[in-house]
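The structure under discussion appears below in the form of structure tokens.
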Amino acid sequence: MKKISLLLYYIFAQHLPDNHLPIIGKIFRRIRCGIAQGFCTKVAKTANINKHVYLMGGSISIGEYSGLGADSKIQNTILTIGNDVMIGEWLSVLGGGHKIDSIEIPMRLQGTLEKTHLEICDDVWIGAHVIITAGCHKIGKGAI
């Protein structure tokens, strides 16, 4: 079921029009969130996943009345989003990364780091075009 949900999300649901369209936008939001529930850890019924959101991996939890803005990208991260979190367009959450232990060995040959954990607590506002890298593990309650 998880693989089918992923396939449906990336072939169909991710490309549906914007959630902000009058009347039909709510339908597109419900379709995207419903399909994402099949492969994410948790997607609340009141969550909002906008168009073209890239959710790499299934270790993603989205709380009540929280949303991911259009064209956001989550990769190599075990992500927990609390309740009432507002996230603008083009968010990039980039976990993991390349090992850089030796300058004698090319980075591409040193391997990669594991997925990193990120917790975004309740009532957080993250604006558009923000990049959150692997070094950030928690964004506290009420942060802007």
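The values are calculated or read from the model by the stated rules, or taken from the named source; none is laboratory data. Predicted model, so just to flag it, every value in this text is computed and none were measured. Positions of Cβ are generated from backbone atoms using ideal geometry, with glycine treated the same way; all protein chains shown enter the neighbour counts. These area figures cover heavy atoms from the full protein model, side chains too; ligands, DNA and RNA do not enter into them. Shrake-Rupley method; radii C 1.70, N 1.55, O 1.52, S 1.80 Å.
Remarks
- Single residue of K99, K51 found to be open to solvent by 10 Å² or more (accessible area, probe 1.4 Å), under 22 Å from A13 (Cα atoms), touching a Leu at 6+ places or on another chain (Cβ under 7 Å) and of a type outside the set (A, V, I, L, M): K51
- Residue in region 70-93 that is nearest to G135 (Cα to Cα), counting only those that are within 9 Å of the chain's Cα centre (by Cα) and of a type in the set (G, A, S): S92
- Residues within region 1-55 that are in a helix (DSSP H, G or I) and either within 15 Å of I81 (Cα to Cα) or among the polar types (S, T, N, Q) (or both), tallied: 4
- The lone exception for A70 - which of (1) in contact with a Phe, Trp or Tyr (Cβ under 6 Å, 6 or more places away or on another chain); (2) under 15 Å from F28 (Cβ atoms) it fails: (1)
- Condition check for G135: of a type in the set (G, A, S), under 14 Å from the mean Cα position of the chain (by Cα) and farther than 19 Å from N50 by Cα: no
- Residue match in region 16-27 (condition: open to solvent by 10 Å² or more (accessible area, probe 1.4 Å), within 15 Å of the chain's Cα centre (by Cα), modelled with pLDDT of 95 or more and not basic (K, R)): no
- Matching residues, region 102-134, being touching a residue at least 12 places away in the same chain (Cβ under 8 Å), open to solvent by 70 Å² or more (accessible area, probe 1.4 Å) and in a loop (DSSP other than H, G, I, E, B): E114, K115, D123, H129
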